[in-house]
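Asker: Submitted below is the structure of interest, expressed as structure tokens.
The values are calculated or read from the model by the stated rules, or taken from the named source; none is laboratory data. The shown structure was predicted, so the numbers you read here are calculated from the model rather than taken from an experiment. Cβ atoms come from the backbone with ideal geometry, glycine included; neighbour counts cover every protein chain shown. For accessibility, only protein heavy atoms count, side chains too; no ligands or nucleic acids. Shrake-Rupley method; radii C 1.70, N 1.55, O 1.52, S 1.80 Å.
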Amino acid sequence: MGKLPPSLKTGKNLGLPIRSLFKNVQQSPQESELESQPSSHHSHRKPKSITRKPNTSLTTATSHPSSPPPINFTSPDISAAKTLFNSLATTTRYSSLLNNRFCNAVLQSFSSVSSNIQDSIILLNHMTKIHPSFTPDKFSYHILLCQSCKKPDSDLANVNKTLNLMASKGFEPDKVTTDVAIRTLCSTGHEEHAIELMKKLSQVQFTKPDTYTYNFLVKGLIKTRTLSSVSVFINEMKEGFDVKPDLVTYTILIDNVCNGKNLREAMRLLDVLKEEGFKPDCYLYNTIMKGYCMLSHGGDVLRVYKKMIEEEIQPDLVTYNTLIYGLSKSGKVKEAIKFLNEMAKMGHFPDVVTYTSLMNGLCRDGNALGALELLGEMENKGCNPNECTYNTLLHGLCKARHLDKGVELYGVMKEGDMKLESGSYGTFLRTLCRNGRVAEAYEVFDYAIESNSLTEVAAYTTLESTLKWLKKAKEQGLAV
């Protein structure tokens, strides 16, 4: 299953049959779990019982008798919440088990459904009054802080109120408090409030954000704001609050501009971080190389790689795969092939990404048979191709008018239940129709639907446009 027919072998490197992609089938997690279960002499263990939750405004789940049942609130009714907690606190069976962890869980459950921070504070005070052994800790107030940050008011009054409450109870806000607040504000889309709060908390040494919190905010801002506005924020934090960007900050900025294909700005930022005393790492250079790959600038990809080597930064497998992909995509496939030996010398062996990139480059260069030969070399070295590899080859063989080999390769894909990509599917259909093999084109259409390679609409639209093209081509004598 999955082996190429002998007629597909195009060179000496294909002396051995292509190994199946699918002969090493992994067990599913369920099968592995079943095999790891105890043997029959443990069968006296009873399975856990499942209790259906009643459909009420707040529910309790059945648990072990020696622990209080966890409370899951579904309504922000403060009176009902207090009543339920009273019933637990006055029950002899549970009263001694209501520890801080449980009480905090009750508070967290209620705050998750309530939009009124004052109600949560009331519940917290009520729990400490009814159950004096419960002593709120910093985590208790962080729960309240999260709630106030999820739906902050315009002047952050509730957030400030919670911070002041913490301090009045002997829990001075610290860097963890800052992190909790900033992450909650960002995760709920309140980046503007996050900036305002970070500036305020940066005025006190104990609450000044660490690099993790600071970079989390920068990463959130760069997704929704322009680079210039984020740069203004970075400068304000640096000059006004002595919170400085680090290598991670610049990596976030460079990654963003590379995704936006602004490589000139990426190289400028690279110079800036060097001026700030930071040394670029392998990940940063890989990011810039990927940016040039998006533009098909193979020469610039190679230039960045050489710059890495000059600065004695050790390239990794991603570096070489990016380099080979960039060179292959820009038509420099011969130069890309030379790096196979270079990467091996550095201890990085080509993987399926490496070989598929080279095959794509060979097919672009019109050498589909060379790509097919590379498939044999890939298999002989113990590297299994994937669906992307086969789709790349199918597309290349059809483009190079090696239809018979394409049909045989398609047979291997069918045998292995591989999916067709939209590009290779369309090219294959057009090539079949161009050569008068319309019946086979319909069969390929059926397989694309059966294998869930494409939606029925997408597959049919491609087939329909291909048949319309064929009709016009026949009228003009361009197809048989």
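Asker: Hey, among K474, K419, which residue is surrounded by fewer than 19 Cβ atoms within 10 Å (Cβ to Cβ), among the charged types (D, E, K, R) and in contact with a helix residue (DSSP H, G or I) (Cβ under 8 Å, 6 or more places away or on another chain)?
Answerer: The conditions single out K419.
Asker: Condition check: open to solvent by less than 50 Å² (accessible area, probe 1.4 Å), within 24 Å of the chain's Cα centre (by Cα) and farther than 30 Å from V180 by Cβ. Does I288 satisfy that?
Answerer: yes
Asker: So, of the residues in segment 433-455 that are closer than 20 Å to E387 by Cβ and part of a helix (DSSP H, G or I), which turns out to be most open to solvent (accessible area, probe 1.4 Å)?
Answerer: Restricting attention to segment 433-455, the residues satisfying the condition of being closer than 20 Å to E387 by Cβ are 443-455.
Imposing the further condition that a residue be part of a helix (DSSP H, G or I) reduces the set to 443-450.
Values: E443: 68, V444: 2, F445: 32, D446: 76, Y447: 20, A448: 0, I449: 47, E450: 143 Å².
In this case the residue turns out to be E450.
Asker: Enumerate the helices (runs of 4 or more DSSP H) found wholly within segment 297-351, keeping only those where 1 or more residues are among the small types (G, A, S) and more than 22 Å from G376 (Cα to Cα). Steps first, answer last, please.
Answerer: Details: elements: 298-310, 317-329, 333-345.
Fully inside segment 297-351 and qualifying: 298-310, 317-329.
Asker: How many residues are in a helix (DSSP H, G or I), open to solvent by 30 Å² or more (accessible area, probe 1.4 Å), of a type outside the set (D, E) and more than 11 Å from T427 (Cβ to Cβ) if we restrict to segment 385-405? Before the answer, list the steps.
Answerer: In the first step, residues of segment 385-405 are kept if they are in a helix (DSSP H, G or I); the result is 387-399, 403-405.
Of the ones still in play, those that are also open to solvent by 30 Å² or more (accessible area, probe 1.4 Å) are 387-388, 395, 399, 404-405.
Applying the additional criterion that residues be of a type outside the set (D, E) yields 388, 395, 399, 405.
Remaining after also requiring more than 11 Å from T427 (Cβ to Cβ): 388, 405.
Qualifying residue count for the region: 2.
Asker: If you check S96 against the conditions, is it at pLDDT below 75 and either open to solvent by less than 40 Å² (accessible area, probe 1.4 Å) or within 24 Å of D137 (Cβ to Cβ) (or both)?
Answerer: No: the conditions fail for S96.
Asker: Hey, can you tell me all the residues within segment 337-359 that are at pLDDT 95 or above and open to solvent by 50 Å² or more (accessible area, probe 1.4 Å)?
Answerer: Hit for segment 337-359 is V353, nothing else.
Asker: Going through segment 244-281 one residue at a time, which ones are over 20 Å from the mean Cα position of the chain (by Cα), in contact (Cβ under 8 Å) with a residue 12 or more places away in the chain and part of a helix (DSSP H, G or I)?
Answerer: Passing the criteria: L247, Y250, L263, E265, A266, M267, L269, L270, V272, L273.
Asker: Conditions first: (1) modelled with pLDDT of 95 or more; (2) closer than 30 Å to T322 by Cβ; (3) open to solvent by less than 60 Å² (accessible area, probe 1.4 Å). V248 passes all but one, so which condition is the exception?
Answerer: If we test V248 against (1) modelled with pLDDT of 95 or more; (2) closer than 30 Å to T322 by Cβ; (3) open to solvent by less than 60 Å² (accessible area, probe 1.4 Å), just (3) comes out false.
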